[in-house]
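Encoded as structure tokens, the structure appears first; notes follow it.
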Amino acid sequence: MVDSVRYSYLPQQFADIDDLWEQLKAFVPTGDFTLGKPLTEFEQRFAKLIGSKHAIGVNSGTDAIKLGLKALGVGFGDEVITTANTFIATVGAIAEIGAVPVFVDCDDTFCMNVGQVEAAITEKTKAIVPVHFTGYMTDMRKLIPIAQKHGLPIVEDACQGILAAIDGKNAGTWGDTGAFSLHPLKNLNVWSDGGVIITDDDELDRKLRLLRNHGMRNRDEIELLGYNSRLDTIQAVVGNWLIPQTEDIAAKRIANAAYYDEALGKLSQIRIPPRPADMRLVYHLYIVFAEDRDGLLEHCLKKDIEAKVHYPIPLYQQDGLKHLGYKPGDFPVTDRHTREIITFPVDQHISKEEMDYVIAAVKEYYGG
């Protein structure tokens, strides 16, 4: 009988990994720990999975965004348009190269409201970073013409959107570069931080490979000033073990979300976000809008359900971003989301019984 629902599925995901241990034991004696053969293999497999020409392994999703911007010439004082509704890493990547994040609001897909982008463009704007938040996608069909009109490159933050797609075209493949995270709680994960940049541009690929490895053309020649941002080869071994499962992971999350939608959508106190028919949502997070959200959250926690809120404080109102000069109310949809959204576990290892327990707890709270 189910009487609790955990959030992290990692103990289940890595409970039976004898074959992975054998691969790791075979790898360690090679000493091929930096930019090694398994990393090259992982990059090739990742590019094929997503549908891009090149994939470059880096040390985090944050650096995947940062290096993409750097390779495109964005630097100190430049403005980069992104969404007010995102994780701090998006903004941190922009700030790390001395650029200034400029926010636009989101809509109920949790992604950038593309209709607000053009009004935010100034002579200082040098790039746009749409965020494919929670497993949804920013409407790239509308964003790309705006970017092209103003000559602005696009770095897609697809860190939560691996295998998300619009009209069959995957997240990350629409812009100049796409950034992915391999953080342990992402849909494709490794055992530490990790990230991948994708691009179809040969020159960007060359530059990104320099930037991730101190700008070194070879052991003795430095072409430019870069970073220490290599994806560890030992993490690539883990990635190679997991990457064949990625499509199945996405499919299971999509099926689990549909199960929740069917049940929770019948409750008047729960509002299901829009589910566009031409968009493949991969549910890194399963989020709904809830009446009396804080009360529901407290009820779920008392029932030992690890529900969460992503995120309770609007990013633009955080103390660390006060220097940007935004004030409460500047982004009303983002503000509303912080009051209404709740996240339930939806991962590939959650059982039907666990989801039923979540659904029953929600119904119980609302008296149904």
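Figures for the structure shown
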| quantity | calculated |
| --- | --- |
| Trypsin sites (Lys or Arg not before Pro) restricted to DSSP loop in the stretch 236-281 with at most 12 other C-beta within 10 Å | LYS266 |
| Entries in LYS149/LYS186; LYS186/LYS363; LYS126/LYS322 that, when Cα-Cα distance is taken, lie over 24 Å | LYS149/LYS186; LYS186/LYS363 |
| DSSP beta bridge pairing in the chain, given as percent antiparallel to the nearest 5 | 65 percent |
| Residues with amide H under 5 Å from that of VAL5, placed H, sequence gap 5 or more | ILE305, GLU306 |
| Interchain or long-range residues, amide H under 5 Å from ALA127's placed H | ILE81 |
| Backbone N under 16 Å from the GLU223 label point (7 Å along Cα→Cβ), restricted to the stretch 168-204 | 199-204 |
| Amide hydrogen neighbours beyond the local backbone of LEU35, cut-off 5 Å, H modeled | THR233 |
| Projected label distance in nm at GLU96 and SER268, using a 7 Å step from Cα toward the beta-carbon | 4.9 nm |
| Estimated FRET transfer efficiency when R0 is 22 angstrom, pair ASP19-SER351 (beta carbons, to 0.05) | 0.35 |
| Cα gyration tensor category, rounded, prolate or oblate, for the chain with a/c compared to 1.5 | oblate |
| Sites GLU118 and ASP32, calculated FRET efficiency, Cβ-Cβ separation with R0 35 Å, nearest 0.05 | 0.15 |
| In Å, descending, principal axis extents of the Cα set of the stretch 324-368 | 47, 29, 10 |
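None of the figures in this text is laboratory data; all of them are computed from the coordinates on show. Source: prediction; values computed, not measured. With ideal geometry, Cβ positions are generated from the backbone for all residues, glycine too; neighbour counts draw on all protein chains shown.
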